[in-house]
Amino acid sequence: MRVLTTLVLSLALAVAAWAQRADPGFDPVKDVSLRFEKGAVVVAVPEGAHLKASFMAVEKKAGPGTLKLGKLPPTTAKDELGDGIWHGRVQLPVSGAGLSGTVTLAVTYQPCTEGEGGVCYPPTTRSLSVKAGDIPAEKPAEGPPVFPMEKALEEAKVIAAPVVVVPPAPAPERSGLLLSLLLVFLAGMGASLTPCVFPMIPITMAIIGAKGGGKAKGFALSGTLVLGMAVTYTTLGVLAAKSGAAFGAFAQRPGFLIPVSLLFAVFAVSLFGAFEIALPAGLAAKLQGDGSRKGFGGAFLMGLVLGPLSAPCVGPVIGAVLVAIAQQGDVWLGGLQLFVFALGMGVLFLVVGTFSAALPRSGDWLTRFKQGMGLVVLGFAAWNVRLVVPEWTNLALWSVVLMTSAAVLGAFEAAEGLVAQLRRGAAVLLLALAVLLGIRAAEAGLALTLLGSSSSQIAAGDSAKGWLEQDLEAALAKAQAERKVVLVDIYADWCAQCKELDEKTWPDPAVQAWIKANAVAIRIDTDAKRKDLATKLQIRSYPTVLLLDAEGRELRRILGYQKPQSMLAWLEAK
């Protein structure tokens, strides 16, 4: 199709002309249906739009009693940021206790339109009045009520906005579920090899009396201990999953991501051996007991308390699992994953308790394993903040991760033997990459050119070179002095399409050339940094790109992500 240049240009101009309208054809209030039926709040969007799961919430505004939001249904897809989304209609089950009269619910959702020109609107909160008698009494969480498709289609006809009714999302494929459980199981086995757990295995078996009592008794006692461990970790998984509705939205904010990454960095440093995170000696001794706690009750109790005892090494590993569970918000899956984690961690306990097997002695290999886990945790800390820190900071963080990896692998140690020399060779390579990333970080942060230009440098730096940040007043003054127009890129940190614009459209050489010749470019975050401009500029969705004259009068606007060719056609339109 792209061979026909004339046709392509015509289509691009048509898209640009359509997108210049101030009204995108979608209203986040009028076009999103909100009602209550059969014990659930029903939110529906028309075809070509979706709802983000991380911002979905239902709360009681005022009055007596309590309201509880049940388990959210599975999402039907993911957006560019990897966040779960729903198409069509989604049912949010609620239950209450002590409610009376008419209950006013505050329903929060975030709609986004799709395709070229797609935009994400700010989270919208609307009120919904419901009779207290229509809200089910609080009970154990259940899935939202399922209705026959014929009835759903019939009821959809009365919704004010056009609604696409979709069947419930299919359950995760068996192979995908089994793979995730296998990975969690292996993580549990790895946790049992850490210095906080591995040396305790024979001691724990002796305390509960598993050794010397025969294989059957040893297996039974060991299994009871593992069951106690499973209860502790399964409870953690359920609690993390039940927090998912509130935790998911908050977990995207810098105020959460940065402290969590700092905490994981502290965990990593601990795993490298800089210091130990341990319980007070008195409490640890009391939990371990004096050797008289034997039998099945003692084994179960030891399993319950083994989690706190192993926290210095297991905490960093299980913490990453808990964060993922909380973001999914699936109570059943969260409990299952942590149960399987406990089973993996208990494999060696079962082997030792049943066969009284002699475990390999701790040594240098165990220290290396612990340091390897520290590298994984440190890498997670850097990856976790990739979307909320400047590009130079991101490069610098990964430079630190690679430099630490080089040190752990022995870049600064003498190498004897083939294996040691190969390990040191890999370490030197990582050190070189760390230095390269460090230089790139300095280039991005200080606007220098030390190693020459690169495609990544163009995408990360040149597209924003010369752009002003947040200061619209300065941009207008500069435009008056240079007799140019003002190009305003309106964005938000949580906006996936905004990041697509930064990565694919602004770096385009033709787009950059037009901006350099005709406009003063500025990026403004009206969601968090310049809220005062959101009303003045009539910002209803993200991203929004404006062209203003030097006096600040709007010439035209375009909404949503645009490909470079469409954006250039819009910029050049008269």
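Take S356 and decide whether it is modelled with pLDDT under 80 and within 20 Å of G303 (Cα to Cα).
Details: modelled with pLDDT under 80: yes; within 20 Å of G303 (Cα to Cα): yes.
Against the criterion (modelled with pLDDT under 80 and within 20 Å of G303 (Cα to Cα)), S356 qualifies.
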*Count of residues meeting criterion [surrounded by 15 or more Cβ atoms within 10 Å (Cβ to Cβ) and more than 19 Å from the chain's Cα centre (by Cα)] in region 83-107*: 15
*Contacts under 6 angstrom Cβ, first residue in region 250-275 being modelled with pLDDT under 75 and surrounded by 18 or more Cβ atoms within 10 Å (Cβ to Cβ), partner in a loop (DSSP other than H, G, I, E, B) and not aliphatic (A, V, I, L, M), 6 or more apart*: Q252/W494
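For residues in region 63-82 being of a type in the set (A, V, I, L, M) and at pLDDT 85 or above, which is surrounded by the fewest Cβ atoms within 10 Å (Cβ to Cβ)? Talk me through it step by step, then tell me what you get.
Restricting attention to region 63-82, the residues satisfying the condition of being of a type in the set (A, V, I, L, M) are 67, 69, 72, 77, 81.
Filter again for at pLDDT 85 or above, leaving 67, 69, 72.
On the way: L67: 21, L69: 19, L72: 23.
Of everything passing the filter in region 63-82, L69 is surrounded by the fewest Cβ atoms within 10 Å (Cβ to Cβ).
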_Candidates L387, L422, L448 - the one that is modelled with pLDDT under 80, more than 28 Å from S270 (Cβ to Cβ) and not small (G, A, S)_ = L448
*Hey, E554 hits all of (1) closer than 23 Å to P122 by Cα; (2) buried (at least 22 other Cβ atoms within 10 Å of the Cβ) but one; which does it fall short on?*
(2)
*asked:* Every residue in region 531-557 that is more than 15 Å from L476 (Cβ to Cβ) and touching a residue at least 24 places away in the same chain (Cβ under 8 Å), please.
replied: Q538, I539, R540, S541, Y542, P543, T544, V545, R556, R557
*Within region 10-31, is there a residue that is over 30 Å from Q565 (Cβ atoms), modelled with pLDDT under 85 and out of contact with any helix residue (DSSP H, G or I) (no Cβ under 7 Å at 6 or more places or on another chain)?*
no
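The values are calculated or read from the model by the stated rules, or taken from the named source; none is laboratory data. Fair warning: this is a prediction, and the values are worked out from it, not measured in the lab. Note: ideal-geometry Cβ built from the backbone for every residue, glycine included; neighbour counts use all protein chains shown.
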